[in-house]
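See structure below.
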Amino acid sequence: MGVYIKQLLAGRDFAIDDHFATQMANFVYLIGDDQKRVCMVVDPAWDVPGIIDTVERDGMKLVGVLVTHYHPDHVGGNIFGHNIAGLADLNKLRPVKVHVNAAESDGVKQVTGLSESDLEKHQGGDEVLIGNVKVRLVHTPGHTPGSQCFLAEESLVSGDTLFIGGCGRVDLPGGDPEAMYHSLTKVLSKLPEGTKLFPGHNYASKPVSTIGDEKKTNHYMLIKTLEDWRILMGGV
Ligand SMILES: [Fe+2]
């Protein structure tokens, strides 16, 4: 039994030749059970048929969606006047449950038009079973109130909470600088150093890091006190 995890880059692995997708550089992930050949997709957006094709080419069956947070580049919806495909399109092609943090469900419904019955609401610490693989939902507010990361054995999919060499913005609606400080330095930094980090965007020179490397080199994980953090965040 092993974890199946696949990193797909918008504009390269799906949504090919879509300039906006290429520019936004979102990563979509497939997480599942490599024996039972079942998986869930993390943040399906931009090109739903392209993502489904990848799942099927790998001989996997899609059994659910995991949502890191409600921003349209992760779940579909309207952003800067562009309409991005996402959960609503997937729901028409492959109606599977969408796992969200309870604090994020209203945002997801608003942005995607999905209804309550399409969602399964979770608290931090919940586990979702994909085949025999357990995925722990780690609540990491800061970028948005219901941002969550997904931990499957030694792999963490971190959405827009922790990037390689950076962290998600906290100045958008629902952003909370202090919550982000707590999520980075009290929650994610407590994970084993060897935990592989799979971020929500391709913003760095490499696509994958580890918690240990980020604790050594990521400025945002090296801040010692909330006071220093407030100064870095511009006196908020
Ligand atoms: Fe975001």
Just for region 20-71: of the residues that are of a type in the set (Gly, Ala, Ser) and over 21 Å from Val111 (Cα atoms), which one is nearest to the ligand (Cβ to nearest atom)? Gly50
Exactly one of Lys206, Lys224, Lys216, Lys196 is among the basic types (Lys, Arg) and modelled with pLDDT under 95, and that one is Lys224
Determine, yes or no, whether Glu178 is acidic (Asp, Glu) and under 18 Å from the mean Cα position of the chain (by Cα). no
What strands (runs of 3 or more DSSP E) lie completely within region 124-236 and have 1 or more residues being within 14 Å of the ligand (Cβ to nearest atom) and surrounded by 14 or more Cβ atoms within 10 Å (Cβ to Cβ)? 148-152, 155-157
Selection over region 82-108 where residues are open to solvent by 50 Å² or more (accessible area, probe 1.4 Å) and either in contact with a strand residue (DSSP E or B) (Cβ under 8 Å, 6 or more places away or on another chain) or modelled with pLDDT of 95 or more (or both) yields a count of 9
When region 72-81 is checked residue by residue, the ones that are closer than 20 Å to His122 by Cβ and out of contact with any strand residue (DSSP E or B) (no Cβ under 8 Å at 6 or more places or on another chain) are Val75
Note on region 92-127: residues among the aliphatic types (A, V, I, L, M) and within 16 Å of Ser147 (Cα to Cα) are Val98, Val100, Ala102, Ala103, Val108, Val111, Leu119
Scan His71, His82 and give me the residue that is touching a residue at least 12 places away in the same chain (Cβ under 8 Å), closer than 19 Å to Ala15 by Cβ and over 14 Å from the mean Cα position of the chain (by Cα). His82
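The values are calculated or read from the model by the stated rules, or taken from the named source; none is laboratory data. Not measured: the values here are computed from a predicted model. Here the Cβ is made from the backbone with ideal geometry for all residues, glycine too, and neighbour counts use every protein chain on show. Heavy atoms of the whole protein, side chains included, go into the accessibility calculation; ligands, DNA and RNA do not. Shrake-Rupley method; radii C 1.70, N 1.55, O 1.52, S 1.80 Å.
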